Amino acid sequence: MERYLAELNEAQKEAATTIDGPVLILAGAGTGKTKTITTRLAYLLSLGVDPRSTLTLTFTNKAAQEMRFRALGMIGINAPYPPELFTFHKFGLLFLRFHIDKLNRRPAFVIIDSDDKKRILKQLCGEAIEPKVAASAISRYKNAIVSPEMALTQSDGIDPLSKKRFEAIAEIYGRYDAYLVANNLVDFDDLLLLPHRIMLDCPDLRSYISRRYQFVMVDEYQDTNELQFQLLRQLCSEHTNLCVVGDDDQSIYGWRGANVRNILGFCDHFGKAKVVKLEINYRSTEEIIKAANELIGHNRERYEKRLRGALGSGEAIRIKESNDESEEALFIAKEARRRIDEGASPKNIAVLFRINALSRALEEGFTKARVPFQLVDSVGFYERSEIKDAIAYLRLAVNPDDDFSVRRALNKPRRGIGDLTQKKLSQAAADRQTTLMGLLENASDKELEAIAGKKATQALREFEAAMRELSALTHESAAKLIDRFEALIGLRRYYGEKEEIERALNLDELYGLARDFSANNDGAGLVEFLSESALASDQDALGGEVVNLMTIHAAKGLEFDHVFVVGLEEGFFPLIGETSDMEEERRLGYVAFTRAKKSLTLCSARSRFFHGKRETMKKSRFFAEAALVSGCLTIDDRPQIKQGDLIKHKIFGIGRVLSVAKVGREQKLTINFGGIRREILSNYVERI
């Protein structure tokens, strides 16, 4: 252990060896965060701490795998028990497999993805609300721990039009949750919300779990939301040994519920905490670090810290202004080609943008220049139609109550069971108060023929028999089941015969993943494979000798030798609008700059074609704020709260803003807290 500690700088060593009580490690970009926390984990184990009494939580599979690999390398690959190191959602999934019965639900639940969620909501929304809007609102409610009943009360006191909309979404939320329970499904947010609910309702279980995990560590703490924060409080209800690692300057997910105040208020939330700052950057050149420091220094709500470089000087930051987006894209593609010709690996080059709309011109420019690239965050592998068709069958084998998967699988490959027949079957199942599979299993041929016709009945019987056989194999290895699935259903063969080669190859990839999963996990079964598939992320698929085009959000946690940031114009980056938070925009800029190791190129255009028309653009204020050009700097007030916003108060909890009035430089808010109105200054609340 002494050898590993000797490799750390003084601040890292202090962070790694402080193990009792709450600890906040403020890890600036590129300061060796992963090395520090994996050494801390190994140090704990070297003191004789049982690996099973440690719990380390991360946000991505990639981070979890890297930390596990490094920690095992330090403590020895043959350790009797590996430390428990998961993503938040993987922890929630494992918790639910053991304890979901506390909610009177069965452990063989199936996880749905965002596309499944929107399809379910499409059935429930009707014409009143767009499924996409409802999906986003429901996710926000769940991550703010707002139930459908609570959501209804938050519409009190606002204007009639908004009230009607809020009530419609709350009502859809209630029906959506009921649908999930009836079909034994959980969505991504439920993987954290349901464990929180179980531990809230079962204090003995909460106490047992907290005593089991005596040492809890959390990576990327600045990205936690209200639900994750409350879950951590439950996990630490019996002790204070919580170590969180993060950087308030890299909190960039406010739009999806992350609350930077979790890290800013850590010492208030968890008692007197030890704070350790990691400020030596081992990733980037001095020029890049200086610009990042200057930019983020304009934020007021942050811990005071300043990165210092360990690598010395390098190339000057390059600023390129183009006439339009086509010229900009061609310039970047040619520069990427030049770097590649000079020996750079394409995968070590990235082009980052604030909004997805900027990717179109970049794709065209790279295609024309014949530079290999991949657009990250496009349609993910598990979101492809043919993959979702196969997954629907596999889910159904595990969970016959899943009517949603029945409807997806029933006519793939085509069996002559169209939408009208499926509607009739659904109505018949509802009339009998059973599931679709329950209907197929219990109805006679004559009854089915009356509903669906003779030809469709024969196809339904074949479907039922195939599903019965697959269900019987769910305890076998995923590899064995997937082979039988293709033999029975022939989905890959179906696309091959239609000459849809790309779809057929994607199914080959899925089957290969199942076989590899079985081989690498001692013949693990279908439930485990489906769980891993559901938790896969976009970053897991990164690879290959191609230049990466991606949003700044997608680049979080990554690093590249050469980085181009495009769209640095007012309105694009920073994004400016009613809901914009200029401090978060600067944090995005800081993240973008610090992805670069050797060179950073910042690009703007004089005009862009956007929303159907060409507009003249103004250069981003970030050039001046980063001290890269001369200019007038402006300090923005804190983000304005508006009518209809959800807010949180330390005493009164979550409420809805009914009205806003100006009092000098402050805002006086009238807020509905579950039917109780309060007038509070905006300084004392935070927007959710």
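Arranged from highest to lowest average of other beta-carbon atoms within 10 Å per residue, in what order do the peptides 144-152, 240-248 appear?
Details: 144-152: 18.0, 240-248: 23.6.
Averaged packing, sorted descending, gives the order 240-248, 144-152.
About its Cα centre, how strong a charge dipole does region 1-137 have in debye, to the nearest 20, once Lys and Arg get +1 and Asp and Glu get -1 at the Cβ? Present the calculation step by step, with values, prior to reporting the outcome.
On the way: 19 positive and 14 negative charges, 89 e Å.
Dipole size: approximately 420 debye.
Among the DSSP beta bridges whose two residues both lie in the chain, what percent are antiparallel, rounded to the nearest 5? Before the final figure, lay out the partial values.
On the way: 27 of 73 bridges.
Roughly 35 percent of the beta bridges in the chain run antiparallel, per DSSP.
Please identify every one of the GluC sites (Glu not before Pro) in region 220-265 that sits in a loop by DSSP and has no more than 16 other beta carbons within 10 Å of its own beta carbon.
Filter output for region 220-265: Glu238.
Measure nothing but the geometry: give the 0 to 90° angle between the long axis through the Cα atoms of 160-182 and the longest principal axis through the Cα atoms of the chain, rounded to 10°.
Helix 160-182 sits at roughly 60 degrees to that axis.
Select from region 409-483 those GluC sites (Glu not before Pro) which occupy a DSSP coil region and have at most 12 other Cβ atoms within 10 Å, ordered by residue number.
Values: sites: Glu441, Glu447, Glu449, Glu462, Glu464, Glu469, Glu476; in loops: Glu476.
Loop-located and lightly packed - none at all.
Considering only Cα-Cα distances, which of the following residue pairs are longer than 23 Å: Lys642/Lys662; Lys290/Lys619; Lys102/Lys423; Lys35/Lys305; Lys33/Lys556?
Values: Lys642/Lys662 11 Å; Lys290/Lys619 20 Å; Lys102/Lys423 34 Å; Lys35/Lys305 20 Å; Lys33/Lys556 14 Å.
From the list (Lys642/Lys662; Lys290/Lys619; Lys102/Lys423; Lys35/Lys305; Lys33/Lys556), the Cα-Cα distance tops 23 Å for Lys102/Lys423.
Can you find, among Met437, Gly418, Asn399, the residue sitting farthest towards the positive end of the charge dipole of region 348-444, where Lys and Arg contribute +1 and Asp and Glu -1 at Cβ?
Gly418
Residue-wise, which Karplus ³J(HN,Hα) couplings in Hz belong to region 511-517, taking 6.51 cos²θ - 1.76 cosθ + 1.60, θ = phi - 60°, and x for glycine or proline?
Ordered by residue, 3J(HN,Hα) equals 4, x, 4, 5, 5, 5, 4 Hz.
Roughly how many Å² is the accessible area per residue of the chain, as a whole number, for a 1.4 Å probe?
Values: 30540 Å² over 688 residues.
I get 44 Å² per residue for this part.
Identify all lysines with a Cα-Cα distance to Lys368 below 18 Å; exclude those on the same chain that are fewer than 8 residues away in sequence.
The reachable lysines, counting only those whose Cα sits under 18 Å from Lys368, are Lys334.
Name the aspartates and glutamates eligible as straight-distance cross-link partners of Lys132: C-alpha to C-alpha under 17 Å, and not fewer than 8 places from it in the same chain.
Asp113, Asp115, Asp116, Glu167, Glu171, Asp177, Asp187, Asp189, Glu383
Can you give the angle from 0 to 90° between the axis of helix 325-341 and the longest principal axis of the chain, with both taken from C-alpha atoms, to the nearest 10?
Orientation of helix 325-341: about 80 degrees from the principal axis.
For region 290-303, in order, what is each residue's ³J(HN,Hα) by Karplus, 6.51 cos²θ - 1.76 cosθ + 1.60 with θ = phi - 60°, in whole Hz (x at glycine and Pro)?
Calculated HN-Hα couplings, in order: 4, 5, 5, 4, 4, 5, 5, x, 7, 7, 9, 8, 7, 6 Hz.
Name the residue from Pro203, Leu231, Ile288 whose Cα lies farthest towards the positive end of the charge dipole of region 178-298, charges +1 on Cβ of Lys and Arg and -1 on Cβ of Asp and Glu.
Pro203
Quick one: check the C-alpha center-to-center distance for region 324-363 versus region 91-169, whole angstrom.
Cα centres, region 324-363 to region 91-169: 39 Å.
Given H placed 1.01 Å from N in the peptide plane, which residues other than close sequence neighbours of Leu85 have an amide H under 5 Å from its amide H?
The list, which skips near neighbours in sequence, is Thr56.
Please list, in chain and number order, the residues 5+ apart from Gly309 or on another chain whose amide H is under 5 Å from its amide H, with Hs placed from the backbone.
Under 5 Å from the amide H of Gly309 lie the amide H atoms of Asn281, each far enough along the sequence or on another chain.
Take the solvent-accessible surface of the protein heavy atoms, probe 1.4 Å, and return the percent of it on the chain that carbon and sulfur atoms account for. Display every interim value, and only then the final one.
On the way: 15270 of 30540 Å².
That fraction is 50 percent.
Roughly what angle does helix 478-489 make with the longest principal axis of the chain, taking Cα atoms, 0 to 90 degrees, to the nearest 10?
It is inclined by approximately 50 degrees.
Let me know the Kirkwood hydrodynamic radius for region 170-298, please, with Cα pairs as the basis and the value in Å to one decimal.
Details: mean 1/r = 0.0575 Å⁻¹.
Roughly 17.4 Å, rounded to one decimal.
Kirkwood Rh over Cα pairs of the chain into Stokes-Einstein at 37 °C, 0.692 mPa s: D in µm²/s? Kindly include the intermediate steps, with their values, before the conclusion.
Working: Rh = 27.6 Å.
Estimated via Stokes-Einstein, D reaches 119 µm²/s.
How large is the dipole of the chain about the Cα centre if only Lys and Arg carry +1 and Asp and Glu carry -1, each at its Cβ, rounded to the nearest 20 debye?
Values: 100 positive and 100 negative charges, 151 e Å.
Charge dipole of the chain: 720 debye, to the nearest 20.
If you wrap a convex hull around the alpha carbons of region 446-494, what volume per residue comes out, as a whole number of Å³? Could you put the intermediate results ahead of the total?
Details: hull volume 3.7 nm³, N = 49.
Expressed per residue, the convex hull around the Cα atoms of region 446-494 is 76 Å³.
Using helices alone, I'd like the mean residue ellipticity at 222 nm for the chain: each DSSP H run of four-plus residues gives -39500 (n - 2.57), total over residue count, nearest 500.
Working: 30 runs with 322 residues, N = 688.
Result for the chain: -14000 deg cm²/dmol, rounded to the nearest 500.
Residue-wise, which Karplus ³J(HN,Hα) couplings in Hz belong to region 404-409, taking 6.51 cos²θ - 1.76 cosθ + 1.60, θ = phi - 60°, and x for glycine or proline?
Each residue of region 404-409 in turn: 4, 5, 4, 5, 6, 7 Hz.
The values are calculated or read from the model by the stated rules, or taken from the named source; none is laboratory data. These numbers come from a predicted model, not from an experiment. Cβ coordinates were reconstructed from backbone atoms using ideal geometry, including for glycine residues, and neighbour counts include every protein chain displayed. Note: areas computed on protein heavy atoms with side chains; ligands, DNA, RNA excluded. Shrake-Rupley method; radii C 1.70, N 1.55, O 1.52, S 1.80 Å.
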